[in-house]
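The structure under discussion appears below in the form of C-alpha cells.
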Amino acid sequence: MRKLILLFGLLLNSLTVMAADMSNGANNFYTSDKVSVQKVTFDNQYKMRVAGNLFFPKDIAPGTKNPAIIVGHPMGAVKEQSANLYATKMADQGFVTLSLDLSFWGESEGQPRNAVSPDIYAEDFSAAVDFLGTHALVDRNRIGVIGICGSGSFAISAAKIDPRLKAIATVSMYDMGGANRNALRHSLTLEQRKKILEEAAQQRYVEFTGGETRYTSGTVHALDANTDPIQREFYDFYRTPRGEYTSEGQSPELTTHPTLTSNVKFMNFYPFADIETISPRPMLFVTGENAHSREFSEEAYKLAGEPRELLVIPGAGHVDLYDRVNLIPFDKLTTFFRNNLK
C-alpha cells in the first residue's frame, strides 16, 4: 500500500509539473501568418556573435525604409521566451522587429555560459542597432527598443550612451542592480549582501583551480508547501509548457540561473543613474498593478526626464506581462512607437 501511495504521489507530482496557467490568453509561442521570420547573427563590439530573430511584415514594400524595434528577453531567459512574442506582435503592426539572445545566453556566444556582464548586455542592444541601421529595409533614424524584465534595465543602460535608440519602452522591468544590492523592497541587509559577496569570492578560487561552476538564484525546479508566491509565478512560466524552452547553448535546467561568481557584478550596475539624460527621447514604463517588480518601474519613471509615461496594467502581475496577450498593452506599445518613430 505504501508503494502504491508513493507511486500515486509521484504521478500526481508529474502532472502538477506539466500543468500551466494559460489564462488571459497566455501565448508565449505565438506565430502570425502575416509575419515572416529569419534567424540572423551579428557581432557586437567585442567580436562576440549575437543571435537573433528578425521579423518582417509580409506585406512590407521592397525598397522602403521602415521603423524597427529591438526586443530584449527577461533576465536569464532566451529570445523564445517572451521576446519573440512581442517581436511578432509588433511586426503584425507593421514594424521590422528583432529579438535577440543576450551574450552568454541562448544561441549567442560568450563563455562561460550564463555569465553576467551588464556592460556587454547593453552593448548587445547597441550592436542590434548597428545591424538594423545597416539593413536595406530599416530607417536607421527610426529604431526603438522594448526591454522585458531585466532587459528593461539593460536597454536603459544602452540608451543612456546610444542616442540612436529613439524611443524606449520597458515592460515588467527589473533594475538588476538594485534587485541584487537591496532585493525587493530593500529587504536585503548590508550584512547579507557582504555574505553573498564573500561566498562568490571564495567560489572564484574553486573555479580557478578547475572546480565545478556554481549557479545561483533563478527559478525553482519543484514546488512544495513552502514555495513563495513569486517563485510560483516564475515556475508557472519557466518550468511548464507555457514558457519552457530548450535552445542551442541553453537548457531548461540552467534557464534563469546565472553563475554565482559573475552575478555579483550586478551590484556595480546602476541603470537609473543619469536616466534623465535620455530626455527628450520618450520613455514608456509598463508594469502590472500587482507586480512584485512594480517598484522599479515607478522609480525609473520618477527619475526619468520628459517625455515619460508610466502605465500600470490593472490586475496584472510581473510574469503576466511576459505572455498573457489579453493583458499586454500591445495597442499602447503600437501607438507609442508609431508616434515616436515617425
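Where a number appears in this text, it was derived from the coordinates with a stated rule and is not lab data. These numbers come from a predicted model, not from an experiment. FYI the Cβ positions are ideal-geometry reconstructions off the backbone, even for glycines, and counts take in every protein chain you see.
Which of the residues belonging to segment 238-252 are surrounded by 13 or more Cβ atoms within 10 Å (Cβ to Cβ) and out of contact with any Asp or Glu (no Cβ under 7 Å at 6 or more places or on another chain)? Once the filter is applied, which keeps residues that are surrounded by 13 or more Cβ atoms within 10 Å (Cβ to Cβ) and out of contact with any Asp or Glu (no Cβ under 7 Å at 6 or more places or on another chain), segment 238-252 yields Arg239, Thr240, Pro241, Glu244, Gln250. Residues in segment 167-200 that are without any contact (Cβ under 8 Å) to a residue 12 or more places away in the chain and either under 13 Å from Ser262 (Cα atoms) or not hydroxyl-bearing (Ser, Thr, Tyr) (or both): Asn182, Ala183, His186, Leu188, Leu190, Glu191, Gln192, Lys194, Lys195, Glu198.
State whether one or more residues within segment 202-214 are in contact with a Pro (Cβ under 9 Å, 6 or more places away or on another chain) and within 20 Å of Val78 (Cβ to Cβ).
Our first condition is that a residue be in contact with a Pro (Cβ under 9 Å, 6 or more places away or on another chain); within segment 202-214, this holds for 207, 213.
Next cut, within 20 Å of Val78 (Cβ to Cβ) only: 213.
Yes, the conditions are met somewhere in segment 202-214.
Beta carbons closer than 9 Å, at least 6 apart along the sequence or on distinct chains, pair a first residue in segment 278-289 that is over 14 Å from Lys302 (Cβ atoms) with a second that is among the β-branched types (Val, Ile, Thr) and surrounded by fewer than 24 Cβ atoms within 10 Å (Cβ to Cβ) for Val286/Val312; Val286/Ile313; Gly288/Val312; Gly288/Ile313; Glu289/Val312; Glu289/Ile313.
Just to verify a result, which residue in segment 259-288, among those that are part of a loop (DSSP other than H, G, I, E, B) and hydrophobic (A, V, I, L, M, F, W, C), is farthest from the chain's Cα centre (by Cα)? Lay out the reasoning, then the answer.
Filtering segment 259-288 for residues part of a loop (DSSP other than H, G, I, E, B) gives 269-274, 279-282.
Still in the list and also hydrophobic (A, V, I, L, M, F, W, C): 269, 272-273.
Working: Phe269: 16, Phe272: 17, Ala273: 20 Å.
Among those that are part of a loop (DSSP other than H, G, I, E, B) and hydrophobic (A, V, I, L, M, F, W, C), it is Ala273.
Scanning segment 304-340 for residues that are surrounded by fewer than 21 Cβ atoms within 10 Å (Cβ to Cβ) and closer than 25 Å to Ala273 by Cα yields Gly305, Glu306, Pro307, Arg308, Glu309, Leu310, Leu311, Val312, Asn340. Has segment 138-147 got at least one residue that is in contact (Cβ under 8 Å) with a residue 12 or more places away in the chain, of a type in the set (D, E, K, R), part of a loop (DSSP other than H, G, I, E, B) and surrounded by 17 or more Cβ atoms within 10 Å (Cβ to Cβ)? So far as segment 138-147 goes, no, none of its residues is in contact (Cβ under 8 Å) with a residue 12 or more places away in the chain, of a type in the set (D, E, K, R), part of a loop (DSSP other than H, G, I, E, B) and surrounded by 17 or more Cβ atoms within 10 Å (Cβ to Cβ).
Here segment 200-232 is the region considered, the condition is being hydroxyl-bearing (Ser, Thr, Tyr) and not in a helix (DSSP H, G or I), and the residue that is surrounded by the fewest Cβ atoms within 10 Å (Cβ to Cβ) is Thr209. Ser108: touching an Asp or Glu at 6+ places or on another chain (Cβ under 6 Å), under 22 Å from Ile313 (Cβ atoms) and not aromatic (Phe, Trp, Tyr), yes or no? Criteria not met by Ser108.
Out of the residues in segment 151-199 that are of a type in the set (Asp, Glu) and in a loop (DSSP other than H, G, I, E, B), state the one that is nearest to Thr277 (Cα to Cα).
Restricting attention to segment 151-199, the residues satisfying the condition of being of a type in the set (Asp, Glu) are 162, 175, 191, 198-199.
Next cut, in a loop (DSSP other than H, G, I, E, B) only: 162, 175.
Details: Asp162: 11, Asp175: 18 Å.
This residue is Asp162.
Among the residues of segment 67-110, write down those that are touching a Phe, Trp or Tyr at 6+ places or on another chain (Cβ under 7 Å), on the phi > 0 side of the Ramachandran plot and buried (at least 24 other Cβ atoms within 10 Å of the Cβ). The one that is touching a Phe, Trp or Tyr at 6+ places or on another chain (Cβ under 7 Å), on the phi > 0 side of the Ramachandran plot and buried (at least 24 other Cβ atoms within 10 Å of the Cβ): Ser82. Here Tyr235 meets each of (1) without any contact (Cβ under 8 Å) to a residue 60 or more places away in the chain; (2) in a loop (DSSP other than H, G, I, E, B) with one exception, condition (2).
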